[in-house]
Amino acid sequence: MDWLLLADRVLTGEEITDDEALSILNCPDDELLLLLQGAYRIRQTYYGNKVKLNMIMNAKSGLCPENCGYCSQSSLSTASIPTYKMVNKDTILQGAKRAYEAKIGTYCIVASGRGPSDKEIDVVVSAVKEIKETYGLKVCACLGILKPEQALRLKEAGVDRYNHNINTSKEHHPYITTSHTYDDRVRTVETVKEAGMSPCSGVIIGMKETKQDVIAMARSLKALDADSIPVNFLHAIDGTPLAGTKDLNPRYCLKVLALFRYMNPTKEIRISGGREVNLRSLQPLGLYAANSIFVGDYLTTAGQEKHADFQMIEDLGFDIDFAPASYAI
Ligand code: SF4
């Protein structure tokens, strides 16, 4: 496969075929740098050398009645994690201050659970109004399955983006959770769009899915027109049903990131949870395909030190995309 030619075809607006998508995931290791060069050509066209940074506030931890097999916060999990109800407004504001001071462009307020109560929406709405006035940060909320009226309240408060991952393919979804359906997840993404928020929806790779499943995920997110696509790599946590799963290696993770770039050329592709443990020493190469990362800790697992992320970006010769208020999300 001529990867640079494929990238040029993508840049003319052509969609790659399923066979080409499979070739990306099966790319021989000795062609990996050429595959990434093509991905970088696409990334650079739309995002230059900018890297968007995101920081998570885990606003409510554990205590979830759902049974997602990868999640340490689920009803099935016996993992030892902090559990607490929705934090107060001041705690959310303190996190926003930390994000602003660290030049993190997007602050992500995340809560465990099937979906938010109206009281929890009250807390988020009140915090977001103040965050927008004080810091001008972009705000992403991730609170679970959303009702249309809740989505409108978040939009009115100033929430720019809402994350609700499809997580895996429609076919594979029942093997990951049975307490809600793939269609429930898609419906929330549609609700977010109807309310006028930017849809963020992504995946978790490494949950025993096939390569065809991975291609289906990338295609579904294209069809959903998700503006932002977090690509998580399973960090299997002891005490969860997927504990012990170790199907990934760093080179395959890079091929997945390249696939998402070739298939969703104009979108924000974010290397998300599991970056450090799965990409390991090849983390910097991921940014030739992706243009966004999380800085700091994930929901219940630690990320690498903030300074290591900033150092990585500087070493690549890339720039941090930080322009509060005027920042194009
Ligand atoms: S992923 Fe969300 S919905 Fe699923 S168990 Fe974890 S917190 Fe609950």
Segment 128-236: GluC sites (Glu not before Pro) in DSSP coil with no more than 15 other Cβ atoms inside 10 Å: E171
Rounded, prolate or oblate for segment 194-276? Axes are the square roots of the Cα gyration tensor eigenvalues, ordered a ≥ b ≥ c, and the cut-off for rounded is a/c under 1.5. prolate
Under 12 Å, Cβ to Cβ, from L242 - net charge with Lys/Arg +1 and Asp/Glu -1: -1
Given a 1.4 Å probe and the protein chains all in place, what does the accessible area of D90 round to, in Å² to the nearest 10? 90 Å²
Spelling out what I want: for every residue of segment 35-49, take phi, set θ = phi - 60°, compute 6.51 cos²θ - 1.76 cosθ + 1.60 (Karplus), and round to whole Hz; glycine and proline get x. 4, 5, 5, x, 4, 5, 4, 6, 4, 5, 4, 9, 10, x, 9
Please compute the modelled spin-label separation between Q44 and D118, points set 7 Å along Cα→Cβ, answer in nm with one decimal. 5.4 nm
Gain upon complete extension [E31, H307; 0.36 nm per residue less C-alpha separation]: 96.2 nm
Average accessible surface area per residue within segment 15-297, 1.4 Å rolling probe, Å²: 38 Å²
Using a 1.4 angstrom probe with every protein chain in place, what is the largest-first accessible-area order of H307, H164? H307, H164
If the cut-off is 14 Å between C-alpha atoms, which aspartates and glutamates fall inside it for K193, apart from same-chain ones fewer than 8 positions away? E149, E156, D160, D225, D227
Only helices counted: for the chain, with every DSSP H run of 4 or more residues adding -39500 (n - 2.57) and the sum spread over all residues, [θ] at 222 nm is -12500 deg cm²/dmol
Calculate one ³J(HN,Hα) per residue across segment 262-274 by plugging θ = phi - 60° into the Karplus curve 6.51 cos²θ - 1.76 cosθ + 1.60, and present them in order as whole Hz with x for glycine and proline. 5, 8, 10, x, 8, 8, 6, 9, 10, 6, 10, x, x
Computed label-point distance, nm, for sites D315 and T266 using a 7 Å Cα→Cβ extension: 3.4 nm
Through the Karplus equation 6.51 cos²θ - 1.76 cosθ + 1.60, θ set to phi - 60°, convert the phi angles of segment 88-98 into ³J(HN,Hα) values in whole Hz; use x for Gly and Pro. 8, 4, 4, 5, 5, 5, 4, x, 5, 4, 4
Leaving out ligands, DNA and RNA, and with a 1.4 Å probe, what % of the accessible surface on the chain is carbon or sulfur? 51 percent
If the cut-off is a Cα-Cα distance under 22 Å, which lysines reach K85, setting aside same-chain residues fewer than 8 apart in sequence? K60, K97, K119, K129, K147
Under 5 Å from the placed amide H of K52, counting only residues 5+ away or on other chains, we find S292, I293, D321
Please express the shape of segment 15-297 as an equivalent ellipsoid: the semi-axes are the square roots of 5 times the eigenvalues of the C-alpha gyration tensor, given largest first in whole angstrom. 29, 22, 18
If K60, K222 are ordered by their accessible area, calculated over protein heavy atoms with a 1.4 Å probe, which sequence runs from highest to lowest? K222, K60
Rounded to the nearest 0.05, FRET efficiency between D8 and D90 (Cβ-Cβ, R0 41 Å) equals 0.20
I'd like the accessible area for M312: 1.4 Å probe, protein heavy atoms, all chains in place, Å² to the nearest 10. 20 Å²
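The values are calculated or read from the model by the stated rules, or taken from the named source; none is laboratory data. In this text the structure is predicted, and so the values were computed from the model without any measurement. Neighbour counts run over all protein chains shown; Cβ positions are idealised from the backbone, glycine included. To get the accessible areas, we keep the full protein, side chains included, count just its heavy atoms, and leave off ligands, DNA and RNA. Shrake-Rupley method; radii C 1.70, N 1.55, O 1.52, S 1.80 Å.
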